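Inspection log for the structure reproduced underneath, given as structure tokens.
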Amino acid sequence: MSEDDERQQSPPSDLEFVSNKARNCNATGSGSGHPEFQSTYPDQVLENVLENVLHFLTSRRDRNAASLVCKSWYRVEALTRSELFIGNCYAVSPGRATARFTRVKALHLKGKPRFADFNLMPPDWGAHFNPWALAMAKAYPWLEKVHLKRMSVTDDDLATLAELFLGFKELVLVCCDGFGTSGLAIFVSKCRQLKVLDLIESEVSDDETDWISCFPEGESNLESLIFDCVECHINFEALDRLVARSPSLKKLKLNRYVSIGQLYRLMVRAPQLTHLGTGSFSPSDIAGQGDQEPDYVAAFAACRSLVCLSGFREIIPDYLPAIYPVCANLTSLNFSYANITADQLKPIISKCHKLQTFWVLDSICDEGLQAVAATCKDLRELRVFPVDPREDNDGPVSEVGLQAISEGCRKLQSILYFCQRMTNAAVIAMSKNCPDLVVFRLCIMGRHRPDPVTGEPMDDGFGAIVMNCKKLTRLAVSGLLTDKAFDYIGRHGKLVRTLSVAFAGDSDMALKYVLEGCPQLQKLEIRDSPFGDAALRSGLHHYYNMRFLWMSSCRLTRHGCQEIARAMPHLVVEVIRSADEEEMDDVVGTLYMYRSLEGPRTDAPKFVTIL
């Protein structure tokens, strides 16, 4: 949307009225004698100019900086902000947010911390969307977009979005839970202007409701429909009709209950797709024995705009040659559900010269990663996930694959790499070959594993990453690490904003190095590490600048956490135990600490103690 469009669609406000009036006054002069054309104060003129300038400021950080200049900038910035991002739903109340920002058309809201994805947080912890939905219904009846991550969303919340926001267009739910197919049915039936419905890695309960058939009849405005995480059968005939009447549809990602034969029908209906999630990529169990196979190659060849391909939920590798025609144009390929071998990958990856994003399982082994390195010279993001995440198995990828990637993909900016073994030499090579790395997440799944060649800790490898990768903002460390590694991070990781630590460090000094040395640190996640109260106290000067600190299975005490709570009254200090655990003793299992303008939340369950 252009800035002109944005201004035209902004809700009416007093400031907008005054601004137009001032412009009319300036154009016609102030001596006409009409009372409605009074001369404006200099401050008001400056605010009018500033309002027009700030419309072109889109970066959240730039806007936040602008709001701190003075009271006038603070006020005008709030009135011109149409997209509101809140990284922690408990950092500010819905009432406070809607009172300050009065013209919002899009809300991005995050709830639970990331470690909730690994079952480290009990269910029903919180992050309920309901208070936000009700507050926005009163404040922003013109709201168009809602993006939620790790929030608890009910069917009633979906009904609120559909019924109270008449122009609602876009809903994205990432890692959310609490709703089901009946809620989706109500939502899609009433959102007649809906353009985007993206359900990504969310838990959707099967209420045995045919939600796909509830989209309104007639031509649809849909541009994106993603439901690959929905673990229940869908009405394919209704989906087929929906795709046929959605001429603007560009993104379609199907769940595993859509067979490759059904995929063929949808691709014929929508050759304009740019992003496709293939569903199962295997035949239906009810396909007839004598049925002639569709020409899948021709269907993919007809999708000339396809640049992003994912899915392959229950893949039969014999069908992989069908995607050959689109490989040359792909910029993103996601095989993170496809258990394929290096030999099955090679004919595909050898055609993907434009690939920039690649997600894959470690079943392709080091040999497959070497094939990626030989072809994908423009690769920017790589994620390698484990087929078997157990600590005691023999991992199929190692330092060999990482070194190959670093030598062949020198434009790499982001990597997530799960493995069972890694050497300092390979990590150091990556730091030198890929200096533009912004994200480096190395997950050595075995605990406390040293360099298998030298027997040394992995300190020098991670030290090289923070020293040589000057743009690094996100880092995940693993393997055998001493305090020396954290000393490196504190001295050289000046731009690091997110740090994840597991099974690492010798003493409290490790955490002290990080908290005292990383001025940009926003999110710190720590589990199973020997850090205690002294380490926690070392961050008193910085906690107000952070979004959150998570520590689980460390060496914290209730007394130490209470000290932090007393010293920092605007910090919410939550001590979490498992739902079936008795009242705590002095040992703290999980600490979740975050800044908040509102103080302690009111919806904490019994297993959460707020100090």
For the modelled label position 7 Å from the Cα of Ser305 along Cα-to-Cβ, which residues of segment 224-266 have backbone nitrogen atoms closer than 20 Å?
224-227, 240-254, 263-266
Beyond 26 Å (Cα-Cα) in this structure, taken from Lys377/Lys494; Lys195/Lys346; Lys432/Lys484, we find Lys377/Lys494; Lys195/Lys346
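What is the packing order of peptides 348-360, 116-128, taking the mean over residues of other C-beta atoms within 10 Å and listing the highest first?
Details: 348-360: 19.8, 116-128: 16.5.
With the highest mean Cβ count within 10 Å placed first, the list reads 348-360, 116-128.
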Dipole check, the chain, charges on Cβ (K,R +1; D,E -1), about Cα centroid: among Ser406, Ala270, Ala604 the Cα furthest to the positive pole belongs to Ser406
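Accessible area of the chain with a 1.4 Å probe: how many percent of it is carbon plus sulfur? Mind dumping the intermediate values first?
On the way: 13530 of 26580 Å².
Percent of accessible area from carbon and sulfur atoms in the chain: 51.
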Round to the nearest 0.05 the FRET efficiency obtained for Val438 and Glu208 when R0 = 41 Å and r is the Cβ-Cβ distance.
0.40
Distance in nm between pseudo-label sites at Asp586 and Ser553 (7 Å out along the Cβ direction from Cα)
2.4 nm
Output the peptides 476-486, 319-329 sorted from most to least packed, where packing is the average of other Cβ atoms within 10 Å over each peptide's residues.
476-486, 319-329
The answer for the chain, accessible area per residue at 1.4 Å probe in Å², is 43 Å²
Could you let me know the centre-to-centre spacing of segment 189-232 and segment 334-361, using Cα atoms, in angstrom?
29 Å
Taking only C-alpha pairs under 8 Å that are 6+ residues apart, what is the relative contact order of the chain in percent?
6 percent
FRET efficiency, 1/(1 + (r/R0)^6) with R0 22 Å, evaluated for Leu540 and Ser59 via beta carbons:
0.15
Roughly how many nanometres apart are two label points built 7 Å out from the Cα toward the Cβ at Asp506 and Lys494?
2.7 nm
Output ordering of 189-197, 538-546 (per-residue mean of other Cβ within 10 Å, highest first) is 189-197, 538-546
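The values are calculated or read from the model by the stated rules, or taken from the named source; none is laboratory data. What you see is a predicted model, and the numbers here were worked out from it, not measured in a lab. A quick note on method: Cβ atoms are made from the backbone with ideal geometry, for glycine too, and the neighbour counts reach across all protein chains shown. The protein model used for the area step is the full one, side chains on, heavy atoms only, and it has no ligands, DNA or RNA in it. Shrake-Rupley method; radii C 1.70, N 1.55, O 1.52, S 1.80 Å.
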